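Shown next, in structure tokens, is the structure this report addresses.
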Amino acid sequence: MNAPVGHYQYDQSDREFLAARIDEFSGQVTRRIDGSLSEDEFKPLRLMNGLYLQLHAYMLRVAIPYGTIDSQQMRMFAHIARRYDRDYGHFTTRQNIQFNWIKLEETPDILRDLAKVDMHAIQTSGNCIRNVTSDEFAGAAADEVVDPRVHAEILRQWSTLHPEFTFLPRKFKIAISGSPNDRVAARFHDIGILARSGADGRPVFRIFVGGGLGRTPIIGQEIFDAVPEERLLATLEAIVRVYNAHGRRDNIYKARIKILVQALGIDAYREAVEAELQQMDLEHYRLTPEMVDAIRARFAVPELSAPDNASQELSARRETNPEFDLWVRSNTHPHRDAGHIIAVVSLKPAGGIPGDATSAQMDRLADLADEYSFGELRITHLQNIVLGHVRQDRLYDLWQALKEVDLASANIGLIGDIVACPGLDYCALANARSIPIAQKLGARFGDATLQAEIGALRINISGCINACGHHHAGHIGLLGVDKRGEEFFQITLGGRAENGASIGTILGPALPEDDTVDAIARLVDCYLGIRQRGETFLDTLDRLGDVPFKEAAYETV
Amino acid sequence: MKRPVRVGAGEKLVLTANRLLDGRIVWRDHDGHWAARVGAAEKLDADAVSDVLEEAQARAQQDGVVGVYEVAVRDVDPPEPVTVRERIRAHGPTVHPEFSVEAGQ
Ligand code: SF4
């Protein structure tokens, strides 16, 4: 078997299942077009297949399980962008891809094309367990304890078409990480899982429940500290069962698990889960080492070998090329193998649309993945692309190749690395446009040296309270609000999704777009003026509170 | 997609929907046809809209449209939607001028 690096290899039964599902949906599309299905009847069916009706057209959201794809799959995205869309796709904060200009009548053909590379759009919408997200540095990071993707795949198989969990009170999002440094925003998910090594060499899992953003942002609480691997599925099954039984279905705004956990309290929720576990057939849900190993065998492992002098070569390049050095500083992460490095390709060119990639860029990224990273690519929840296993002595060549396709912005984790949802330019639910203000901010702070000087500072923008741009978790968050049909932005400060997660607090009254950009520029200037040596924006904010920033932001308003 | 629409002074209502087959935005003209440009939309008085809306909704499947609703516009020629949302629907995403309705896309 020629398994892909980084993700699960489908077998015949997986492919037959997908083909049958596409035939079923194709029949539903035909019946919708001929009028045998009304829009009300069809809507839940199309949503379960990732198809939305947005402002200007249908939008198809394709699942990228745990954010990992191979080069063939990326080329298929490029093909879909070219053939069925307007030559681009949008990578989302849930590690998926969306195509914005889809025709209903062509959807079955698109799904058939996706199935050729073992991809689909199932459960990317609807009140079910959505695509499981994971650490973008999984299997590569030096600080990783367990590669979480094998367990993410197990969760994918468990949750896909789960008969009990197809009509939950509301959508349900799970993230899993295998590093002590939370890169998946575990505490902002319905269920967040952090894996670590157990005494017997098998992983154990720390589980958080009831986190989320949206209208009611809440930080998830720990429900179990150390669930053994063999109890993982049983435990998750019990957690979701309790939610399915007791979550509210009468009010869409109170239907997420976070509301139930708040209502019951974490201790009572835990007791309910334990009671559920007591009466479950645990043997049926037991995840044996053999089962895990069988799934693991469907993942290829990269054969890492690098020349002894790989690091020296990289250092020499950095010394002679300051521009490259700047990029390496912001856009790479230490690899567990001394001769390798993780490269993050920014999809945030100055003044560009965060997360968008053209078909030509996707094709090129696929080629570069083949050339430099075992054909594997990861989509990050911050809307960038990771090449996980790059030889250090080849990083300079990769950077040069990225420059040729305008993908070498040196801004990961910096102010130009803006996360933005599609907003009112595309989204039927939006109050305000997220992209133009992201473009203005991106252009304002585009200079790589200025960004490096400002240091770690993340801006997140959502076009409405649904918070797809995770504004509550942004160091600076912007929320689009509608004031009598016009767009305003509310600024929040101090959000963070990593370890020590917190929700940003509102700085003051919402401002129109251009005033918001100016306010943020003043706020950043204020930070540069008052920070102490070595302080990040969050450090300064934590030390002084938001008063100086508030004064700066609203100075001339 | 029904939402309360306030009609202010100097404003009228037009009907809009998405085309069933490709989701593209359309506007109902004087003859009851669905046109791609807001300029073709028939402007209706607030008290006349509910009958026309009801009829258009009843014919939606036959006409190949989905989600028919009314939109407030300024009573100028061509009519200009009052809210940012509806202006973006009428003219296309602001971040891709090449995809604007006026560019013929
Ligand atoms: S946050 Fe609101 S505007 Fe943005 S994509 Fe989500 S639903 Fe749409």
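The values are calculated or read from the model by the stated rules, or taken from the named source; none is laboratory data. All figures in this text were calculated on a predicted structure; none of them were measured in a lab. For neighbour counting, all protein chains shown are included, and Cβ atoms are generated from backbone atoms with ideal geometry for every residue, glycine included. Quick note on the areas: whole protein, heavy atoms, side chains included, nothing else; ligands and nucleic acids left out. Shrake-Rupley method; radii C 1.70, N 1.55, O 1.52, S 1.80 Å.
Annotations for the structure displayed:
- Pick from the stretch B:1-39, criterion free of Cβ contacts under 8 Å to residues at least 40 places away in the same chain and aliphatic (A, V, I, L, M), ranking: surrounded by the fewest Cβ atoms within 10 Å (Cβ to Cβ): B:ALA9
- Scan of the stretch B:40-61 for residues that are touching a helix residue (DSSP H, G or I) at 6+ places or on another chain (Cβ under 9 Å) and open to solvent by 30 Å² or more (accessible area, probe 1.4 Å), ordered by number: B:GLU42, B:GLN61
- Cross-chain or 6+ apart pairs with Cβ under 6 Å, the stretch A:197-217 first and within 19 Å of A:ILE239 (Cα to Cα), then among the acidic types (Asp, Glu) and part of a strand (DSSP E or B): A:ARG206/A:ASP225; A:PHE208/A:GLU222
- Any hit, the stretch A:318-326, residues being among the aromatic types (Phe, Trp, Tyr), open to solvent by less than 30 Å² (accessible area, probe 1.4 Å), closer than 19 Å to A:ALA140 by Cβ and not in a loop (DSSP other than H, G, I, E, B): no
- The single condition among (1) within 16 Å of the ligand (Cβ to nearest atom); (2) open to solvent by less than 10 Å² (accessible area, probe 1.4 Å) that A:ASP482 does not satisfy is (2).
- Entirely in the stretch A:346-463, the strands (runs of 3 or more DSSP E) that have 2 or more residues that are away from chain B (no Cβ under 14 Å) and at pLDDT 95 or above: A:376-379, A:385-391, A:459-462
- Scope the stretch A:480-508; condition in contact (Cβ under 8 Å) with a residue 12 or more places away in the chain and part of a loop (DSSP other than H, G, I, E, B); matching residues: A:GLY494, A:GLY495, A:ALA497, A:GLU498, A:ASN499, A:ALA501, A:ILE503, A:GLY504, A:LEU507, A:GLY508
- Number of the condition not met by A:ASP200 [criteria: (1) in a helix (DSSP H, G or I); (2) open to solvent by 40 Å² or more (accessible area, probe 1.4 Å)]: (1)
- Being surrounded by fewer than 17 Cβ atoms within 10 Å (Cβ to Cβ), over 19 Å from A:SER159 (Cα atoms) and among the β-branched types (Val, Ile, Thr) is a description that applies to A:VAL301.
- A:TYR269 meets the conditions (1) modelled with pLDDT of 95 or more; (2) open to solvent by less than 40 Å² (accessible area, probe 1.4 Å); (3) under 22 Å from A:ASP70 (Cα atoms) in every case but one. The failed one is (3).
- Among the residues of the stretch A:453-468, those identified as within 13 Å of the ligand (Cβ to nearest atom) and open to solvent by 30 Å² or more (accessible area, probe 1.4 Å) are A:ILE465, A:ASN466, A:CYS468.
- Residue ID - surrounded by the most Cβ atoms within 10 Å (Cβ to Cβ), chosen from residues in the stretch B:62-90 that are part of a helix (DSSP H, G or I) and more than 10 Å from every other protein chain (Cβ to nearest Cβ): B:ALA90
Residues checked against (1) near the ligand (Cβ under 10 Å from one of its atoms); (2) farther than 25 Å from B:ASN18 by Cα; (3) in contact with an Asp or Glu (Cβ under 8 Å, 6 or more places away or on another chain):
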residue: A:GLY423; (1), (2), (3): yes, no, no
residue: A:ALA428; (1), (2), (3): yes, no, no
residue: A:ASN431; (1), (2), (3): yes, no, yes
residue: A:PRO436; (1), (2), (3): no, no, yes
residue: A:LYS440; (1), (2), (3): no, yes, yes
residue: A:GLY446; (1), (2), (3): no, yes, no
residue: A:GLN451; (1), (2), (3): no, yes, no
residue: A:HIS470; (1), (2), (3): yes, yes, no
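- Unique residue being of a type outside the set (S, T, N, Q), open to solvent by 20 Å² or more (accessible area, probe 1.4 Å), under 14 Å from A:SER359 (Cβ atoms) and without any contact (Cβ under 8 Å) to a residue 24 or more places away in the chain when the list is A:ARG75, A:ARG82, A:ARG86: A:ARG86
- Test: residue in the stretch B:22-39 that is of a type outside the set (Phe, Trp, Tyr), part of a helix (DSSP H, G or I) and at pLDDT 95 or above: yes
- Of the criteria (1) out of contact with any Leu (no Cβ under 6 Å at 6 or more places or on another chain); (2) at pLDDT below 95; (3) more than 19 Å from A:VAL62 (Cβ to Cβ); (4) open to solvent by 10 Å² or more (accessible area, probe 1.4 Å), which one A:PRO169 fails: (2)
- Scanning the stretch A:214-230 for residues that are closer than 16 Å to A:LEU287 by Cβ, charged (D, E, K, R) and surrounded by fewer than 19 Cβ atoms within 10 Å (Cβ to Cβ) returns a single hit, A:GLU230.
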